[in-house]
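Trainee: Below is the structure I would like to discuss, written out as structure tokens.
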């Protein structure tokens, strides 16, 4: 039987490879540069939001407290007039890349622990490289990429951006699959 502990090296190496690939995707590759747009008059928007002293969190306009608000003519008018938006407020100050990078790596480790768990419960120690690759790749692709789809369905994330994330996730999954296939304890 293959144990998760026997896959610790694959977990760490796959996480490191995916972390590096993710950093390259977001810093070197150009395909995500168009995902976020600036406002035509950012200063006016900042001046309008600043006095509200918004705490970090997720907000939407127009805000509804319950589904019954959708019958209120004033709320309906706000939706029709627009803008309709979902937005996230971060803590004030320059974002901490170090903290985000650490949490990103930890996310990849958690995904790879689950990949290792699934592999250890479905494959024998004598499994061939392609068997390991297939299950590790499918499992990690689902974990890295498909959770973003509901954001496109429910919260207006552009589908092009969503597809780009899913393609990035495929690259991460192929790296993960390759590492687990390479380091499988035969």
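Here, each number is a calculation from the coordinates, and none is a lab measurement. These numbers come from a predicted model, not from an experiment. Cβ sites come from the backbone with ideal geometry, for glycine too, and all protein chains shown count toward neighbours.
Trainee: Given the options 71, 33, 99, which has the most mean-square fluctuation in a GNM of the chain, springs set between C-alpha atoms less than 10 angstrom apart?
Mentor: 71
Trainee: Using the Kirkwood radius over Cα pairs, work out the Stokes-Einstein diffusion coefficient for the stretch 1-110 at 20 °C and 1.002 mPa s, in µm²/s as a whole number. Mind showing how you got there, number by number?
Mentor: Numbers: Rh = 18.5 Å.
Translational D for this selection: 116 µm²/s.
Trainee: Then there is this: Using only Cα atoms, find the angle between the long axis of helix 8-27 and the longest principal axis of the chain, and express it within 0 to 90 degrees, rounded to the nearest 10.
Mentor: 40
Trainee: Stokes-Einstein diffusion coefficient for the stretch 85-186 at 25 °C in a medium of 0.890 mPa s, Rh from the Kirkwood formula over Cα pairs: what value in µm²/s?
Mentor: Details: Rh = 15.4 Å.
Rounded, D is 160 µm²/s.
Trainee: Test of understanding: express the Cα radius of gyration of the chain as a ratio to 2.2 N^0.38 Å, with N the residue count.
Mentor: Numbers: Rg = 21.3 Å, N = 186, 2.2 N^0.38 = 16.0 Å.
Rg over 2.2 N^0.38 Å, computed on Cα atoms: 1.33.
Trainee: Still on this structure: May I ask you to derive the relative contact order of the stretch 37-134, considering only C-alpha pairs under 8 Å and at least 6 residues apart, and to give it as an integer percent? Present the calculation step by step, with values, prior to reporting the outcome.
Mentor: Numbers: 41 pairs, mean separation 23.8, N = 98.
Normalised by residue count, the contact order of the stretch 37-134 is 24 percent.
Trainee: Please give the length that would be gained between residue 29 and residue 149 if that part of the chain were fully extended, namely 0.36 nm times their separation in residues minus their C-alpha to C-alpha distance (nm, one decimal).
Mentor: Numbers: separation 120, 0.36 × 120 = 43.20 nm, distance 2.18 nm.
In short, 41.0 nm is gained.
Trainee: While we're here: If the elastic network links every pair of Cα atoms under 10 Å, which of 121, 134, 157 fluctuates the most in the Gaussian network model of the chain?
Mentor: Per the Cα network of the chain with a 10 Å cutoff, 121 tops the list.
Trainee: So for the stretch 90-145, what are the equivalent ellipsoid semi-axes in whole Å, largest first, each being the square root of 5 times an eigenvalue of the Cα gyration tensor? Please list the in-between numbers first.
Mentor: Values: eigenvalues 218, 19, 13 Å².
After diagonalising the Cα gyration tensor, the semi-axes are 33, 10, 8 Å.
Trainee: Under a GNM of the chain (C-alpha, springs under 10 Å), which listed residue has the highest mean-square fluctuation: 98, 156, 137?
Mentor: Greatest mean-square fluctuation among the candidates belongs to 98.
Trainee: Rank these for me by crowding, 64, 153, going from fewest to most other beta carbons within 10 Å. Walk me through the numbers on the way to the answer.
Mentor: Values: 64 13, 153 10.
Fewest-to-most Cβ neighbours within 10 Å comes out as 153, 64.
Trainee: Assuming 0.36 nm per residue, please report the length gained on full extension of the stretch residue 80 to residue 48 beyond their Cα-Cα distance.
Mentor: Numbers: separation 32, 0.36 × 32 = 11.52 nm, distance 2.10 nm.
Here the answer is 9.4 nm.
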